[in-house]
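Peer 1: Would you mind keeping the following structure in view while I ask a few things?
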Amino acid sequence: MISFANLKIRTKLVVVFFTVLLPLLTGELLTLWYFQNTLQNAAELELTNVVKHLYRSSKLQKNCHFPSGSKEKTAKNQAPNANTVFLEKLFLSYRIGKTGYAFVIDTRGNVIIHPAKKGQNIFDSRDLRGFQFIKEICARAEKMEGEAIGTIRYPWVNREEGETVPRMKIVKFMYLSKWDWIVAAGAYEEEIYAAVGPVENYTFLLIVLSVFLVLFLTLAMNRFITRPVVMISKAASRLANGNLEQNVHVESERDELAILANSFNKMADQIRQETENLERLVDNRTKELKESIEKYRNLVESTVDGIVTSDRSGTITFANTGMVKMLGFERDFLVGRKIWKFYVGGIEQARSIMRLLKAEGNITNYEQKLIAKDRNIPIFTSASLLRDSEGKKTGSLGIFSDISVRKKLEKDLQKAQASIVQTMKLRALGDLVAGVAHEINNPLMASTTMLHIIQKNLDGCDTKMNARVDLLRKCNERITKIVNHLREFSRQSVMEKAPISINEPLENALIICTQQLLNMQVHVEKSFTEELPLIMGDSNYLEQVSLDLIANARDALESCECEKKLCVGSMLSELDGKPAVAAFIQDSGPGIPQNIQDKIFEPFFTTKGAGKGTGLGLSICYGIIEEHGGRIDLDSSPENGTKFTIIIPCESNRAEPIS
Amino acid sequence: MGCKILLTDDDELIVMSVESMLELEGYDVTTAYNGREALDKASKNTYELFVLDIIMPGMSGFEVCKALRNLEKYAETPIVMLTAKSTELDREKGFAMGATRFLSKPINPTELLRVLEEVVLSK
């Protein structure tokens, strides 16, 4: 069942129209019918009353004799008396309507009283339908009792009167059995219902009017209420569906519909504006967001460090350009792989990182190595856990910083620091040694002098005494040598620096040693760079250093069973970021054991037996090179032999080599 | 030779050993243990050659050298300076003060004798 509430307004209106109209009409029609009925009844009542009156009057009359057409009632066939005449006159005096009259017949159809057909027998009369209405009347009358009234209607036309149009006649009758009289009165319905006609017309007019009124009301309602409402409703619907350009126009200006329409228009306007604002806002925000994303994307992509995210199982979910470049693998190669595949420490490394992360939440400056395409890279890792909005771990973020350069710098720094420490040690020692040497000088000189005197006074023939004194002299000589060494060590001697090529002292030293080396079957390989920039150096001292180093190399090769090779050379280099030259002396000997490599420059350190050197050589070399602003590096292993590299900064005014 | 030498050094070992050696060679050696004493003796006597240590308490050898040169009689006299330290600066200073020669200790006795001979001969 469709409920009324769900119908559209117009439909509702139509329903209301009919709901009002139908009862109204029905009421009106019923009224009409009732009215008609009442009128008819009233009209018929008149007829009935006439019949009744006549019946009663007749009944009261005594001794009435009426001639009848029937032969059977001969006893009563007498001349009419006064009562009879009166009664007849009474009957004939009645006029019902225009042409209606009262009459009497008997049950055989004999007309007893009638304005025109007295004495006739009309038993077989037929109406215009052919129906024997008199016969019907008679038949019914006989059965009637008391003051029962019968009614009959039939179509009739009184040709005799000149009527041409058939009309319905109505006859009311009663039966007076004592005389076998059917007392009747009849008239054309039309005539007795005359009053009904106008009433009917009026009523019809009313009905029509009321229909029109209801229609008019409905149309008015439709026009003034439903239409605007529907308009607004449609506009609202369109608005709701996204069409924001809605504007309702109603004809009224001040009524509630106008208010509604205006409010609607205002709201639609506001909505449209708000929507426009919102759209603009969203556009702006989207643009801002895009820019922000772009900015951050740029940041992430342009940083040199590698940024990587991985999920909970350690699979790489994102790798930035920095990572791609660092490792030398394509992004597609990285994403989807397990991150520990790129750790030198493998899955164990990943596990320990994860343990730290879980404990601390994030880690910084965690040192490890990554496996790149062509090498392993030392890395500082910063990592943190990624969480979703509920705080659950979703993965981790790692930032990898290549610290190769840093490591190298660290190494260089360590070397420089070691160098400084060494220098300071040596300087302190030098001061000490200088002091000692100084103290020894005088007694030594005195001793040597006295020995000189003693020797002079000795008899040349006393060989024993001469030998003894000679030994003393040798002792003094050695002491002197040691003191001189010590003084050299503490740089008591003067250094005279001049712009020279580092090749010069090295080549000179080589010349001195060449013969000896050849005798030992040492293969000498020279690789001097010819056009090296000049250094400020003391050629003699540098020669001494070269000699010392070559001597050490020679000693190393002397006792070894291997292939005897000595490489000497020079090249361009750099020291602390400034241009420098480097000279190297490399032997193919057994190398210096790892555990004493940092001790060799220490004074008095020697691997040789007693009497075979003071162990001051390398420390003095160190000091001399340090005086030149340079450094000696050691690179030694059993496979590669021993290589000493001297690095001295170039003369500061000229960095270009002489041509 | 009989050349008169004034030997000045604060270390008696040096003084005694060098004096012995020089005497053996025929020099006439007078000794002094500090600058004051040296100048004192130098002014009182006349010497033909000075052998001076530099590092001494009180007046340094440089000051003695300068003072000697200020004395007219010693304007041209050879002065040989001995020192345990011998830097470029010291040498320059020495020569600026008027030293004739500069020797570093420990000095070989034969070397010393040779230098003295040289200096005396070139006078």
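Peer 1: Simple spin-label model, 7 Å along Cα-to-Cβ: A:Glu274 to A:Glu136 in nm?
Peer 2: Computed distance between label sites A:Glu274 and A:Glu136 equals 8.1 nm.
Peer 1: Additional query: Could you list A:Val111, A:Val183 so that the one with the fewest beta carbons within 10 Å of its beta carbon is first and the one with the most is last?
Peer 2: A:Val111, A:Val183
Peer 1: How are the alpha carbon pair distances in region A:303-402 distributed across 5 Å bins from zero to the largest one, expressed in percent?
Peer 2: 3, 14, 26, 30, 18, 7, 2, 0, 0
Peer 1: Tell me which of A:His485, A:Leu29, A:Gly460 sits at the most positive position along the dipole axis of the protein assembly as shown, charges placed on C-beta atoms (Lys, Arg +1; Asp, Glu -1).
Peer 2: Positive-most Cα among the choices belongs to A:Leu29.
Peer 1: How large is the translational diffusion coefficient of region A:496-649 in µm² per second when you combine the Kirkwood radius over alpha carbon pairs with Stokes-Einstein at 25 °C and 0.890 mPa s?
Peer 2: Answer, rounded: 157 µm²/s.
Peer 1: Cα gyration tensor of region A:219-317, axes a ≥ b ≥ c as square roots of the eigenvalues: rounded (a/c below 1.5), prolate (a/b > b/c) or oblate?
Peer 2: prolate
Peer 1: With +1 on each Lys and Arg Cβ and -1 on each Asp and Glu Cβ, and nothing else charged, work out how big the dipole of region A:503-659 is about its Cα centre, in Debye to the nearest 20.
Peer 2: 380
Peer 1: Can you tell me the relative contact order of chain B? Whole percent, Cα pairs under 8 Å, sequence separation 6 or more.
Peer 2: Relative contact order here is 22 percent.
Peer 1: So, by mean Cβ neighbours within 10 angstrom, what's the order for A:342-352, A:546-556 with the highest one leading?
Peer 2: The densest-packed peptide leads the list: A:546-556, A:342-352.
Peer 1: Cα atoms only: what Rg and Dmax, in Å, come out for region A:1-54?
Peer 2: 21.1, 67
Peer 1: Another one. For the modelled label position 7 Å from the Cα of A:Glu530 along Cα-to-Cβ, which residues of region A:564-600 have backbone nitrogen atoms closer than 20 Å?
Peer 2: Zone members listed by number: A:568-573, A:581-584.
Peer 1: For region A:261-302, just say rounded, prolate or oblate: build the C-alpha gyration tensor, square-root its eigenvalues into a ≥ b ≥ c, call rounded for a/c under 1.5, and beyond that prolate if a/b exceeds b/c, oblate if not.
Peer 2: prolate
Peer 1: Turning to a different aspect of this structure: Where does each of A:Cys475, A:Cys461, A:Cys560, A:Cys138 land when they are ranked from fewest to most other beta-carbon atoms within 10 angstrom?
Peer 2: Arranged by neighbour count, lowest to highest, A:Cys475, A:Cys461, A:Cys560, A:Cys138 become A:Cys461, A:Cys475, A:Cys560, A:Cys138.
Peer 1: May I pose another question? Taking the Cα centre as origin and putting +1 on Lys and Arg beta-carbons and -1 on Asp and Glu beta-carbons, what dipole magnitude results for region A:352-430, to the nearest 20 debye?
Peer 2: 300
Peer 1: Follow-up. Please compute the volume of the convex hull spanned by the alpha-carbon atoms of the protein assembly as shown and report it per residue in Å³.
Peer 2: Taking only Cα atoms, the protein assembly as shown has a hull volume of 427 Å³ per residue.
Peer 1: Which lysines, if any, have their Cα less than 21 Å from the Cα of A:Lys599, not counting same-chain residues under 8 positions apart?
Peer 2: Candidates past the 8-residue exclusion: A:Lys411, A:Lys415, A:Lys425, A:Lys608, A:Lys612, A:Lys643.
Peer 1: Right, something else. What value does chain B have for Rg/Rh, both radii from Cα atoms and Rh as Kirkwood defines it?
Peer 2: We get a ratio of 0.91 for chain B.
Peer 1: Ranked highest first by average number of other Cβ atoms within 10 Å, how do A:302-310, A:204-212 line up?
Peer 2: A:302-310, A:204-212
Peer 1: Answer with one residue from A:Tyr193, A:Val436, B:Ala84: the one whose Cα lies farthest towards the positive end of the charge dipole of the protein assembly as shown, charges on Cβ with Lys, Arg +1 and Asp, Glu -1.
Peer 2: Going by the charge dipole, the pick is A:Tyr193.
Peer 1: Ignore the peptide's own chain and count Cβ atoms of other chains within 10 Å of each Cβ in B:16-23; give me the average, rounded.
Peer 2: 5
Peer 1: Can you give the FRET efficiency to the nearest 0.05 for A:Ala148 and A:Leu205, using r as the Cβ-Cβ distance and R₀ = 60 Å?
Peer 2: According to the calculation, E is roughly 0.90.
Peer 1: List the residues whose amide H sits under 5 Å from the amide H of B:Ala32, counting only those 5 or more places along or on another chain, with H placed 1.01 Å from N in the peptide plane.
Peer 2: Amide H neighbours of B:Ala32: B:Leu7, B:Thr8, B:Asp9.
Peer 1: Pick out the long, greasy-scoring helices in chain A: whole DSSP H runs spanning 30 Å or more along their own axis by Cα, mean Kyte-Doolittle at least 1.0.
Peer 2: The qualifying helices are A:196-221.
Peer 1: Let me ask you something else. Say the dipole of region A:257-338 comes from +1 at the beta carbon of Lys and Arg and -1 at that of Asp and Glu; which of A:Phe318, A:Ile293, A:Phe329 then lies farthest toward its positive end?
Peer 2: A:Phe329
Peer 1: Related question: Which value, in debye to the nearest 20, describes the size of the charge dipole of the protein assembly as shown about its Cα centre when Lys and Arg Cβ atoms bear +1, Asp and Glu Cβ atoms bear -1, and nothing else is charged?
Peer 2: 8080
Peer 1: Still on this structure, please answer the following. Taking a cut-off of 16 Å between Cα atoms, list the lysines near A:Lys178, but don't count ones fewer than 8 places away on the same chain.
Peer 2: Cross-link targets: A:Lys52, A:Lys59, A:Lys62, A:Lys73, A:Lys76, A:Lys143.
Peer 1: Counting partner chain Cβ atoms within 10 Å of every residue's Cβ in A:438-444, what's the average?
Peer 2: Mean shielding count: 6.
Coordinate-derived values only; no laboratory data. Computed from a predicted model, the values in this text were never measured in an experiment. When we count neighbours, we look across all protein chains shown, and the Cβ atoms used for this are built from the backbone with ideal geometry, even at glycine.
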